[in-house]
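**Student:** Before anything else, here's the structure in question.
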Amino acid sequence: MPPVVITDIYNIIKIKEIVKGQFLKMPERDDVIKHLLLDSRMLTEAETSLFFAIEGKRLDGHNYIEELYTKGVRNFIVSKKINIDTYPGAAFVHVKDTVTALQTLAASHRQRFDAPVIGVTGSNGKTIVKEWLFQLLSDDYAIVRSPKSYNSQIGVPLSVWEMHDFHEMGIFEAGISEPGEMDKLENVIKPTIGIFTNIGEAHNEGFLNISHKTKEKLKLFINCEALIYCKDSHEINQSIGEIIQHRIDDDIFKTFTWSYNGDSDVRIRGIHKAANKTYIIPKYKDRLHEIEIPFTDEASIENAIHCICLLIYLGIDFETIAKRMKGLTPVAMRLEMKKAVNNCTLINDAYNSDLGSLKIALDFLKQQATYKQKTLILSDILESGKNEMDLYSEVGEMIANSDINKMIGIGPALVRQKKIFENLNDLEYHNFPDTESCLKELEADTFQFETILIKGARSFRFERISKLLEEKAHETVFEINLNAIRNNLKVYQNLLHPETKCMAMVKAFAYGAGAYEIANILEFNRVDYITVAYTDEGVQLRKAGIKLPIMVMNPEVRSFETIIKYELEPEIYSFRILRKFVKVLREMGVRGSFPIHLKLDTGMNRLGFLEEELESLSNKLKKMKGIEVKSIFSHLAAAESEHHDEFTWSQIERFDRMSKFLMSALDYPVLRHILNSSGIVRFTKAQFDMVRIGLGLYGIDPSGTLNDKLETVGRLRSVVSQIRKISTGDTIGYGRSGVAERDMQIGIIAIGYADGLDRRFSNGVGHVIVNGAEAKIVGSVCMDMAMIDLTDIEAEEGDEVLVFGEENTVASMAEKIGCIPYELLTGISARVKRVYYSE
């Protein structure tokens, strides 16, 4: 998470008293604290930062104190003893638990304010409701709200810490994963008004049942003056009865309810859907009203009704409510990264602009290492509630610490405050009063080999700038969810011992997802090694700025010089390869010991040294100079299959025996690894020193054990290019293999086998999803297009076609044609545009 800034005066001595900590040594000075820092990678201003060393299962913040001290941080909250003599001039506040200390500090800060605070929880819709309320109420209040989905045990205190004296309302969301967590979040948020969106089966793992989860979530509202919820929810309604009973002698507590079916404060008497809009008919105090919203899906309707009820409770008249609800805009839940003109990368976050989301976007920009040149296109920040000069001074401070080389400011406020940005060192600044003026002068050719972040309020319509800068490609797109990569990595890491290292596989263009983009997110999330199949893949990653150790699994002799030049680490699987690699090291005059990885064949009968070769190999390793064995590893042949467990265990035992024999010849420690994604799940006792995570990162567990925890990473989509009617007996496509058995309506979609849609899906074997319905592929899949049956589906030309994703999984598609998911993912061609997004 990015560091959180606060302008109210807090110093380290005051914070020490608030969190009830103890100085390990009395500090030499009482530093002013502006930034709360939880992640060493997010450091902006060292002098005014306070680092909370949070200890997790795999990562421990205490391990990054030395790095932060070197960078200038001098204030730390810790829960372990520190050798303070190593850090002269630093202040260390020792507490029992650093997360608790963070929450205590935020709770103390919250007590300073009397403004109304809305707390939102529920299984779904929290972020949408929060963002819509911000849209609906910004004309009436200066609002502080949770950035994005900051609703966790650390996200909530960081959100509340952003409250200032000028804010007139707070809107914070809260999420929990186990009992006892909501009590802590309630103490931080202290909501005066609550909204319980709904309750569902999602994230049930930590609770006894759905009733238990409902009661835990309701703890957020125990001290509210009012709670808004749908009375039709049996679980919520029943559990709320207990809260009312608990507060029976306290007339402060109220409920404000809505319902389709029963008695409630607001009764929904009708829902009428039309093209791209819905009319909601609420009845309140015996009067019917009509409210239009520009959405038709059920989730949006439910979220909108919660917002309507909150506006009614606040006393806003129905004419104003109707006007504002009609103007609701979709909530941008993600920022997208895609290829742009002239070898640029475009990060598009052009749907909202506030300080919280700007911090997140700038942090994402800073993570991108492909190009040194970084450009920000920013609109005025609307409805911040801050004095304009103070606001843009803070924006300038953020930009100064974000390694940005060029900025284009759009909007009258950025024109007025241009001196702030013109005075920043090493920043090229341009400004325009509006988007139209910018577009008249902006030329795509002026951007070359740079990463461009577009960040703007919706009213500035920055999508026009995005369209100008995007690399033109055909309409088939492979969307990659970077949040899902993070989640899936964490799922596997949670199965590992704290000391077990992770090697991530990004071979074959990262299973079709894009090697650099995936490697970059893995490096940021602190995996230990990256593995590629061939040297050129590793070279591309090095050129793009990836610094992690990279193992090359299939090194060719002719590539050895390149491997050495780019500091890649070869897999050595035979005496010939070992001998030739050592020879090249000598010829190139490489000094020191170059890292290599030894591959053992334990039964896969592919590459690797055999057991009978180990004595000879051991002798050679003792004599050879210039190499260092970083790891010894092997491959499991069938870890996903219970049927082959006996063979898998024999492989593991053989590997243990063989690797120990080799290690006895070496006088330094060596990493050992044999488990792949399925092995991590099914053979947890064989973790050795490191594991290799491959297909599991991309949301597919070959063993089937983790399917409910892994998230879909890739979504392949296209469009309906044309719709036409054909008659009974007409044939479809090449070879006339598709024959209409009735009058049909077919759609031609913009994807073919040259894009990665396998020809085996022809003639009804495969299907795609159009407007939520399955549309069978008819006729033969062509090179650049395919035909689908739309006879019983409402569809128009230009409609989206989902080839695979969450609804039509790549695993289910692979099963239909008797292949494996690897084949389909790696078969997506390079001409298909990749779009990377982060929630």
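The values are calculated or read from the model by the stated rules, or taken from the named source; none is laboratory data. Predicted, not measured: the structure shown is a model, and the values here were computed from it. Cβ: placed from backbone, ideal geometry, glycine included. Neighbour counts: every protein chain shown. Each accessible area value is taken on the protein alone, full model and side chains, heavy atoms only, with ligands, DNA and RNA left out. Shrake-Rupley method; radii C 1.70, N 1.55, O 1.52, S 1.80 Å.
**Student:** Have a look at Glu394, Glu450, Glu479, Glu470 and point out the one that is closer than 26 Å to Leu136 by Cβ and surrounded by 15 or more Cβ atoms within 10 Å (Cβ to Cβ).
**Tutor:** Residue meeting the stated conditions: Glu394.
**Student:** Quick check, is His497 open to solvent by 50 Å² or more (accessible area, probe 1.4 Å), assigned to a strand (DSSP E or B) and touching a residue at least 12 places away in the same chain (Cβ under 8 Å)?
**Tutor:** So His497 does not fit the description; no.
**Student:** Would you pick out the residues in segment 792-825 that are under 23 Å from the mean Cα position of the chain (by Cα) and more than 20 Å from Glu711 (Cβ to Cβ)?
**Tutor:** none
**Student:** Quick test for you: out of Ile465, Ile485, pick the one residue that is part of a helix (DSSP H, G or I) and farther than 23 Å from Leu825 by Cα.
**Tutor:** Step by step, each of Ile465, Ile485 is checked, and only Ile465 is part of a helix (DSSP H, G or I) and farther than 23 Å from Leu825 by Cα.
**Student:** How about segment 572-584: which of its residues are in contact with a Leu (Cβ under 9 Å, 6 or more places away or on another chain) and either crowded, with 20+ Cβ neighbours inside 10 Å or modelled with pLDDT under 95 (or both)?
**Tutor:** Ile572, Tyr573, Leu578
**Student:** Got a number for residues in segment 62-101 being open to solvent by 50 Å² or more (accessible area, probe 1.4 Å) and either closer than 19 Å to Asp39 by Cβ or without any contact (Cβ under 8 Å) to a residue 40 or more places away in the chain (or both)?
**Tutor:** Selection size over segment 62-101: 14.
**Student:** Taking into account only those residues within segment 423-445 that are of a type in the set (D, E, K, R) and open to solvent by 80 Å² or more (accessible area, probe 1.4 Å), which is farthest from Arg461 (Cα to Cα)?
**Tutor:** Filtering first and then ranking leaves Asp426.
**Student:** Let me ask something additional. Restricting attention to segment 306-344, which residues are within 28 Å of Tyr516 (Cα to Cα), within 19 Å of the chain's Cα centre (by Cα), of a type in the set (A, V, I, L, M) and not in a strand (DSSP E or B)?
**Tutor:** Ala332, Met333
**Student:** State the number of residues belonging to segment 182-206 that are open to solvent by less than 20 Å² (accessible area, probe 1.4 Å) and part of a loop (DSSP other than H, G, I, E, B).
**Tutor:** Number of matching residues: 3.
**Student:** Next up: Please specify each residue of segment 145-158 satisfying the condition of being outside any loop (DSSP other than H, G, I, E, B), in contact with a helix residue (DSSP H, G or I) (Cβ under 8 Å, 6 or more places away or on another chain) and open to solvent by less than 10 Å² (accessible area, probe 1.4 Å).
**Tutor:** Once the filter is applied, which keeps residues that are outside any loop (DSSP other than H, G, I, E, B), in contact with a helix residue (DSSP H, G or I) (Cβ under 8 Å, 6 or more places away or on another chain) and open to solvent by less than 10 Å² (accessible area, probe 1.4 Å), segment 145-158 yields Val156, Pro157, Leu158.
**Student:** Only one of Ala361, Ala340 is more than 27 Å from Thr48 (Cβ to Cβ), buried (at least 17 other Cβ atoms within 10 Å of the Cβ) and of a type in the set (A, V, I, L, M). Can you tell me which?
**Tutor:** Checking each option against the conditions leaves just Ala340.
**Student:** Being at pLDDT below 95, touching a strand residue (DSSP E or B) at 6+ places or on another chain (Cβ under 9 Å) and either of a type in the set (A, V, I, L, M, F, W, C) or open to solvent by 50 Å² or more (accessible area, probe 1.4 Å) (or both): is that true of Leu568 here?
**Tutor:** When the stated conditions are applied, Leu568 does not pass them.
**Student:** Answer yes or no: is there a residue in segment 652-662 that is assigned to a strand (DSSP E or B), open to solvent by 30 Å² or more (accessible area, probe 1.4 Å) and of a type in the set (Lys, Arg).
**Tutor:** no
**Student:** Restricting attention to segment 12-54, report how many residues are touching a His at 6+ places or on another chain (Cβ under 7 Å), part of a strand (DSSP E or B) and surrounded by fewer than 21 Cβ atoms within 10 Å (Cβ to Cβ).
**Tutor:** The qualifying residues number 1.
**Student:** Further, regarding this structure: Out of the residues in segment 258-299 meeting the condition of being part of a loop (DSSP other than H, G, I, E, B) and closer than 16 Å to Leu310 by Cβ, tell me which one is most open to solvent (accessible area, probe 1.4 Å).
**Tutor:** Asp265
**Student:** Can you tell me which of Ile305, Ile316, Ile347, Ile312 is among the aliphatic types (A, V, I, L, M) and surrounded by fewer than 18 Cβ atoms within 10 Å (Cβ to Cβ)?
**Tutor:** None of the others qualify; the one that does is Ile316.
**Student:** Next up: Residues that are open to solvent by less than 10 Å² (accessible area, probe 1.4 Å) and under 25 Å from Val803 (Cα atoms), at least 2 per element: which strands (runs of 3 or more DSSP E) completely within segment 667-766 meet that?
**Tutor:** In segment 667-766, the matching strands (runs of 3 or more DSSP E) lie at 714-726, 744-749.
**Student:** Residue by residue through segment 585-635, note down the ones that are open to solvent by less than 10 Å² (accessible area, probe 1.4 Å) and assigned to a loop (DSSP other than H, G, I, E, B).
**Tutor:** Thr602, Ser634, listed by residue number.
**Student:** Looking only at segment 167-181, which residues are open to solvent by 10 Å² or more (accessible area, probe 1.4 Å), closer than 17 Å to Ile118 by Cα and of a type in the set (Gly, Ala, Ser)?
**Tutor:** Matches in segment 167-181: Gly175 only.
**Student:** Considering only residues that are under 14 Å from Gly714 (Cβ atoms) and either in a loop (DSSP other than H, G, I, E, B) or among the charged types (D, E, K, R) (or both), which ones fall in segment 813-828?
**Tutor:** Of everything in segment 813-828, those that are under 14 Å from Gly714 (Cβ atoms) and either in a loop (DSSP other than H, G, I, E, B) or among the charged types (D, E, K, R) (or both) turn out to be Glu823, Gly827, Ile828.
**Student:** List the residue pairs whose Cβ atoms are under 7 Å apart, where the first residue sits in segment 539-565 and is without any contact (Cβ under 8 Å) to a residue 24 or more places away in the chain, the second is acidic (Asp, Glu), and the two are 6 or more positions apart or on different chains.
**Tutor:** Once the first residue is without any contact (Cβ under 8 Å) to a residue 24 or more places away in the chain and sits in segment 539-565, its partners that are acidic (Asp, Glu) give Ile550/Glu569; Val552/Glu569; Val552/Glu571.
**Student:** Out of everything in segment 519-538 that is among the hydroxyl-bearing types (Ser, Thr, Tyr) and without any contact (Cβ under 8 Å) to a residue 40 or more places away in the chain, what residue ends up being most open to solvent (accessible area, probe 1.4 Å)?
**Tutor:** So, considering only residues that are among the hydroxyl-bearing types (Ser, Thr, Tyr) and without any contact (Cβ under 8 Å) to a residue 40 or more places away in the chain, the one most open to solvent (accessible area, probe 1.4 Å) is Tyr534.
**Student:** Within segment 402-419, take every residue that is open to solvent by 40 Å² or more (accessible area, probe 1.4 Å) and closer than 25 Å to Met42 by Cβ and give me the one that is modelled with the highest pLDDT.
**Tutor:** Asn405
**Student:** I'd like to know if segment 790-812 contains one or more residues that are open to solvent by 30 Å² or more (accessible area, probe 1.4 Å), without any contact (Cβ under 8 Å) to a residue 24 or more places away in the chain, under 17 Å from Gly714 (Cα atoms) and assigned to a helix (DSSP H, G or I).
**Tutor:** yes
**Student:** Sticking with this one: Would you please name the residue that is surrounded by the most Cβ atoms within 10 Å (Cβ to Cβ), looking only at residues in segment 775-789 that are touching a residue at least 24 places away in the same chain (Cβ under 8 Å) and outside any loop (DSSP other than H, G, I, E, B)?
**Tutor:** Residue satisfying both the conditions and the ranking: Ala786.
**Student:** Further question on the same structure: Report the residue count in segment 115-141 for those that are out of contact with any helix residue (DSSP H, G or I) (no Cβ under 6 Å at 6 or more places or on another chain) and open to solvent by 10 Å² or more (accessible area, probe 1.4 Å).
**Tutor:** Total satisfying the criteria: 13.
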